[in-house]
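Novice: Once you've had a glance at the structure underneath, I'll fire off some questions.
What follows draws every value from the coordinates through simple rules; no lab data is involved. Just so it is clear, the structure is predicted and the values come from calculations on it, not from any experiment. So basically every Cβ, Gly included, is an ideal-geometry build from the backbone, and we count neighbours across all protein chains shown.
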Amino acid sequence: MNSVITPVKNEERTRLGIQSGDTVRVHQKVIERGKTRIQVFEGLVITVKHGAEAGGTFTVRAVLSGIGVEKTFPLYTPLIDKIEIVKRSKVRRAKLYFIREKAAKAVRRQLRNARMMNLSTTDLAAEEGATPAGEDTENMPLEATVEEETSPVEGMQESEEKKEEVAA
């Protein structure tokens with residue numbers, strides 16, 4: 001007397017053997033306004049808790065639009081339509097929590113580099129000389145003089161010409 005309690009194919013999910021370090025694509029059923037659609041979430045598995053037990057979960061981390069997003073999925077939930085293992089990586093840890101800090105450091109480095117190049121219109125106005133007090137600056141056209149610089153390609157051509165002159 002085998003009765004089906006859940007529509008999930010337990011054997012398939014158990015045989016899948018999700019591990020930390022796997023890149024997976026999870027097809028999740030999302031119910032919105034009475035309609036069901038499939039939403040795909042692809043990322044790196046950073047934890048697997050309770051293995052293939054009934055309450056087993058796995059956490060997937062992905063970077064979406066520059067923001068780190070983590071989702072924890074129960075392994076045997078009927079809301080997951082399909083789980084695909086895209087890539088298997090060899091890792092030395094069971095829990096890859098250090099990936100969070102590693103990603104945060106990379107983002108901070110990018111922001112630091114972006115801050116060094118930050119230039120605003122107020123900086124340009126300060127270089128040219130501030131507007132006299134009482135003058136309406138909102139309706140004033142923005143005029144900034146920018147010195148012409150050579151493009152990197154032109155700079156390379158010039159350096160090649162110099163090398164040829166030196167060689168001759």
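Novice: List the relative contact order of segment 10-116 as a percent without decimals, with contacts defined as Cα pairs under 8 Å and 6+ residues apart.
Specialist: Values: 174 pairs, mean separation 31.0, N = 107.
Relative contact order for segment 10-116 comes out at 29 percent.
Novice: Could you check the spin-label model distance between Thr23 and Ala52? Points 7 Å from the Cα along Cα→Cβ, value in nm.
Specialist: 2.6
Novice: Under Stokes-Einstein, with the Kirkwood radius over Cα pairs standing in for Rh, what whole-number D in µm²/s applies to segment 30-86 at 10 °C and 1.306 mPa s?
Specialist: Answer, rounded: 125 µm²/s.
Novice: If you don't mind, another one. On the first, second and third principal axes, largest extent first, how far apart are the outermost C-alpha atoms of segment 10-116 in Å?
Specialist: Taking max minus min along each principal axis of the Cα atoms, segment 10-116 gives 53, 41, 21 Å.
Novice: Taking the Cβ of each residue in Lys35, Lys49 as the centre, tally the other Cβ atoms inside 10 Å and list the residues starting with the fewest.
Specialist: By the 10 Å Cβ count, ascending, the order reads Lys35, Lys49.
Novice: Here's something else I'd like to know. So, in nm, how far is label Arg37 from label Arg100 when the simple model puts each one 7 Å beyond its Cα toward the Cβ?
Specialist: If labels sit at Arg37 and Arg100, their model points lie 3.0 nm apart.
Novice: Describe numerically, in nm with one decimal, the distance between label points set 7 Å from Cα along Cα→Cβ at Glu70 and at Val30.
Specialist: With each label point 7 Å from Cα toward Cβ, the separation is 2.1 nm.
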